[in-house]
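A.B. asks: Pasting in a structure now, in structure tokens, and then I'll have a few things to ask.
Each value in this text was obtained by applying a stated rule to the coordinates, not by laboratory testing. The model shown is predicted, which means the values in this text are computed figures rather than measured ones. A quick note on method: Cβ atoms are made from the backbone with ideal geometry, for glycine too, and the neighbour counts reach across all protein chains shown.
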Amino acid sequence: MTEEILYEVNDGIAVVTFNRPQARNALTFGMYSRLAEICRDAPEADGLKAIIVCGAGDKAFAAGTDIAQFRSFSTAQDALDYEQQMDQVLGAVECCSVPTIAAIHGACTGGGAGIAAACDLRIAAADFRFGFPIARTLGNCLSIENLSRLTALIGAGRTREIIFTARLVDAEEAQAIGLISEILEDRTAVMTRAQELADLMSGFAPLTLRATKEGLRRLRAKQADLDDHDLVALCYTSADFKEGLEAFLAKRKPDWQGR
């Protein structure tokens, strides 16, 4: 069986690869858990200095959560458990004790976009596309923690506009708004540059980097300490969510009813 996440370490630099190219690297629950485990274990990894996160194949970094997994959802608790898991996974990425670099090409949407936003640095290929088109596809919502992370990066107005219009941000716009720091030609160039950045940071004072990461996280966390269970339950237990799920899998336009 093919491993869904590849993990290798060379000279203190780890590379985590989402390895489902046939599904545009759509993320399974197991992939999320493995990514969180790697980030939490980073302090115990002997000599680890940085982590590069990327996607296999030529089409995507990660095109969100594997939608078929939502078919098993039937209660509000299913939705709350899922969003809690997502917050824990993205929190593990954000709190990782070493610098993380999202080396992005192609589609970077939904859960993939959340992971990229939680990394310290984001560089991308010219074919980069970023967003959360959930208002057009599934009819679910982001947690307050996720919204807080996005607004800290690109502002509340831009976050609202991207979600309300369900559009994807291209590489040039992403660089202009500070979402990514560099645009490279293709995946190969992105991976080369990611390695250069990881090598650069590996020579810097690790406690300075760690303290800066944690200080920025604490600043952002002040905005996210709110209860969103009612909002998550509202969306995930709705008839619209079931309709969006089945429409997505059937590749047809959903018939939204607002209930």
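A.B. asks: Just to confirm the number: angle between the C-alpha axis of helix 29-41 and the first principal axis of the chain, 0 to 90 degrees, nearest 10?
C.D. replies: Approximately 30 degrees, to the nearest 10.
A.B. asks: While we're on this one: What is the distance in Å between the Cα centroid of region 72-93 and that of region 212-259?
C.D. replies: 10 Å
A.B. asks: Right, next: Taking R0 as 51 Å, what's the FRET efficiency between residue 45 and residue 252 from their Cβ-Cβ distance, rounded to 0.05?
C.D. replies: Values: r = 46 Å, r/R0 = 0.90.
Given R0 = 51 Å and the Cβ-Cβ separation, E is 0.65.
A.B. asks: I've got another one for you. Over the chain, what is the mean sequence separation of C-alpha contacts under 8 Å (at least six apart), divided by residue count, expressed as relative contact order in percent?
C.D. replies: Working: 489 pairs, mean separation 52.2, N = 259.
This gives 20 percent for the chain.
A.B. asks: How would you rank 49, 59, 253, going from fewest to most other Cβ atoms within 10 Å of each one's own Cβ?
C.D. replies: Details: 49 21, 59 17, 253 9.
Least crowded to most crowded, the residues run 253, 59, 49.
A.B. asks: Between the DSSP loop rule and a limit of at most 15 other Cβ atoms within 10 Å, which chymotrypsin sites (Phe, Trp or Tyr not before Pro) in region 197-256 are left?
C.D. replies: 204, 256
A.B. asks: Among the lysines, which fall within straight-line cross-link reach of residue 59, defined as a Cα-Cα distance under 29 Å, with same-chain neighbours fewer than 8 residues apart omitted?
C.D. replies: Residue 59 reaches 49, 242, 251, 253.
A.B. asks: What does the chain give for Rg and for Dmax, in Å, if only its C-alpha atoms count?
C.D. replies: Just the Cα atoms of the chain yield Rg and Dmax of 17.7, 55 Å.
A.B. asks: Please go through region 121-172 and write out the chymotrypsin sites (Phe, Trp or Tyr not before Pro) that DSSP classes as loop and that have at most 14 other C-beta atoms within 10 Å.
C.D. replies: Details: sites: 128, 130, 164; in loops: 128.
Within region 121-172, no chymotrypsin sites (Phe, Trp or Tyr not before Pro) qualify (loop, at most 14 other Cβ atoms within 10 Å).
A.B. asks: What number, rounded to the nearest 500 deg cm²/dmol, is the helix-based mean residue ellipticity at 222 nm of the chain, given -39500 (n - 2.57) per DSSP H run of at least four residues and division by all its residues?
C.D. replies: On the way: 10 runs with 120 residues, N = 259.
The helix contribution divided over the chain gives -14500 deg cm²/dmol.
A.B. asks: How big is D, in µm² s⁻¹, for region 114-259 by Stokes-Einstein at 20 °C and 1.002 mPa s if Rh is the Kirkwood radius over C-alpha pairs? All intermediate terms of the calculation are to be shown ahead of the outcome.
C.D. replies: Working: Rh = 17.5 Å.
The estimated diffusion coefficient comes to 123 µm²/s.
A.B. asks: Between residue 95 and residue 33, what FRET efficiency follows from the Cβ-Cβ distance if R0 is 22 Å, with the result rounded to 0.05?
C.D. replies: On the way: r = 16 Å, r/R0 = 0.71.
My answer for the efficiency is 0.90.
A.B. asks: For helix 156-165, what angle does its Cα long axis make with the longest principal axis of the chain, in degrees from 0 to 90 and rounded to 10?
C.D. replies: That works out to roughly 50 degrees.
A.B. asks: Out of all Cα-Cα pairs in region 128-186, roughly what percent, to the nearest whole number, are more than 19 Å apart?
C.D. replies: Value for region 128-186 (Cα pairs over 19 Å): 29 percent.
A.B. asks: Could you work out which residue, out of 214, 83, 44, moves most in a Gaussian network model of the chain, that is, has the largest mean-square fluctuation with Cα springs under 10 Å?
C.D. replies: 44
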